[in-house]
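Asks: Got a structure for you, questions after.
The values are calculated or read from the model by the stated rules, or taken from the named source; none is laboratory data. These numbers come from a predicted model, not from an experiment. Neighbour counts are summed over all protein chains in view; Cβ atoms, including those assigned to glycine, are modelled from backbone coordinates with ideal geometry.
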Amino acid sequence: MGLRKLMTVLALLLSAFLVLGFISESNASTLQNPITQNEKHIHENNWSENLRDRNWQTYLSPEIKQILTLDDQNSATHNPHAGLHNSGVTPMVNTENGVALWGNCRTINISTLIDSSLVEKDEMFNVIDGVAEVVSAYTGLTMSHENGYTSTQVDSSNLPTPEAGSILIIWVPKNSESLSSQQLGTTKVWHTVENDGTPTITRARILLSEKIFEEYNSGIIGRGNNIETAVMHEMTHAMGVGHSSHENSFMYTELTNNTLATVADIASLVFAGSRSC
Ligand SMILES: [Zn+2]
């Protein structure tokens, strides 16, 4: 518990200081995870507007406001969607009626399944717990992580579907057929289109490979190529945020020891929590 709190505090502190601009080295570990969802990207890599956005749930620091173009007194120049686009961040699912995001009036339930063959179950559960807390803090979305995990034999040919309003996280063995040999994790997001056209995320499923524990050590969430940052990457996908074009971003397709939670990454999470129901 103490460690979890400490990680949260460190991650929040770091977000105030991290900036882009470190030179990336080539000792990347692969975090390949093609984005999948139940519908096609309609306007891939754009952030279109929805009138329910901008119901901000968290404090907007001057740096976040700058990314979201909210730092000017003149509201006519405010365009957070363009700001995110210009900072290299992409959405998971975009439609002509805005990007698919969770509505911020309900608790998102997170549950964890761990394949019964895996040995570090407590550690796998705890890292989810810590990451969920950080993602909740950045987005302002309310999340509830179950108090324990379920140990089960995961059938890769028949993966369970998350319940409505929930994120299902499944730790699978390194040889699981549900991930390619290169993949450390993957995230699938389901969304519904409401009567006014708003695309709302209804459920998400994250698959995490045991290889994350083999290839990485424990570290600070959002800083460097470690277990916590790999899980944070997938959890951020589950929030509706896609990959970043910045090599140092933890939402880049590969993590390195120069990986950071950039201001743009934090801004994308702040934005992801701003969709009113
Ligand atoms: Zn990814």
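Asks: Just to be sure before I move on: is residue 53 crowded, with 19+ Cβ neighbours inside 10 Å and either at pLDDT below 95 or under 12 Å from residue 273 (Cβ atoms) (or both) in the structure I sent?
Replies: Yes; evaluated as a whole, the condition is true for this residue.
Asks: Here is a further query. Against the definition (more than 12 Å from the chain's Cα centre (by Cα), over 28 Å from residue 99 (Cα atoms) and of a type outside the set (D, E, K, R)), how does residue 201 come out, yes or no?
Replies: no
Asks: Pick from 236, 139: which is under 13 Å from the mean Cα position of the chain (by Cα), within 25 Å of residue 271 (Cβ to Cβ) and within 13 Å of the ligand (Cβ to nearest atom)?
Replies: 236
Asks: Residues that are in contact with a helix residue (DSSP H, G or I) (Cβ under 8 Å, 6 or more places away or on another chain) and surrounded by 18 or more Cβ atoms within 10 Å (Cβ to Cβ): find the strands (runs of 3 or more DSSP E) completely inside the range 138-217 holding 3 or more of those.
Replies: 166-172, 185-193, 199-209
Asks: Quick one: in the range 187-201, of everything that is in contact with a Lys or Arg (Cβ under 9 Å, 6 or more places away or on another chain) and among the hydroxyl-bearing types (Ser, Thr, Tyr), which residue is farthest from the ligand (Cβ to nearest atom)?
Replies: It comes out as 198.
Asks: Here's a follow-up. Those residues that are part of a loop (DSSP other than H, G, I, E, B) and away from the ligand (no atom under 12 Å from the Cβ), I need them from the range 247-267; list them, please.
Replies: 247, 248, 256, 257, 258, 259, 261, 262
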